[in-house]
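Worksheet: one structure, shown below.
The values are calculated or read from the model by the stated rules, or taken from the named source; none is laboratory data. None of these values were measured; they are calculated from a predicted model. Reconstructed Cβ throughout: ideal geometry from the backbone, glycine too, with neighbour counts over all protein chains shown. Side chains included, ligands, DNA and RNA excluded: accessible areas come from the protein's heavy atoms. Shrake-Rupley method; radii C 1.70, N 1.55, O 1.52, S 1.80 Å.
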Amino acid sequence: FCQVHRAEIAHKKEANEVGYPMEIDFKALPQRILSFKDSLLMIVKGTLNSSFLKAEIEFIKQNNVTKSRSTSGQYCRFDKASAGYYRNCGSAIILKVLQHEFIITKKITFEDTKPLMPLPFLQSVLVPEACVRLIQQDYNDIW
C-alpha cells in the first residue's frame, strides 16, 4: 500500500505535465465503461486476447484456483491488476457496472469464465481491462 502511494507521488507531477486528469469524474464512469462493453464481452467469449486473462490462467496453472483467490494470491499480483489512478473508488464503480452488465443480466456464466467463477473473473480480468481502456481514453483526450 505504501509503495503504491510512493509511486503515485513520484509520478503525479509528470502525469499532470502531460495532461492526465488530476480529478476523476466518477459520475461519468458508468457510461464510459459501457461504451466498451462489447470488447470486454469479446474477452469473456475468447475472441479477443487479454494479457490479464493470460496472466490469471498462468497463475492458476502454476498454483490453483483457490490460491488465485486467496489474499496472498491476490496480493502478489496486486501491481499487475490495479486500477491505476482510478484507484479503489474507480475500481469499485467499474466492478459494480460490470456485475450489472454481465452477471446480473446473465450475459456471462461459469461456462464462459471457467476455471474462475464470474465475479473473480470480473475482478482479475475485466476490471483491469476496463481500466486500461479508460486510461487509453484519457490519453487520447490529451493528445
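Some observations on this one:
- Members of the stretch 86-131 found to be among the β-branched types (Val, Ile, Thr), open to solvent by 20 Å² or more (accessible area, probe 1.4 Å), within 19 Å of Lys45 (Cα to Cα) and touching a residue at least 12 places away in the same chain (Cβ under 8 Å), listed by number: Val97, Ile103
- If the condition is being at pLDDT 90 or above and within 17 Å of Pro128 (Cβ to Cβ), then the stretch 15-33 contributes Leu29, Arg32, Ile33.
- Residue among Lys12, Lys61, Lys67 that alone is modelled with pLDDT of 85 or more, out of contact with any strand residue (DSSP E or B) (no Cβ under 8 Å at 6 or more places or on another chain) and not in a loop (DSSP other than H, G, I, E, B): Lys61
- In the stretch 108-143, the qualifying residues are those that are within 18 Å of Gln31 (Cβ to Cβ) and charged (D, E, K, R), and the one that is modelled with the lowest pLDDT is Asp141.
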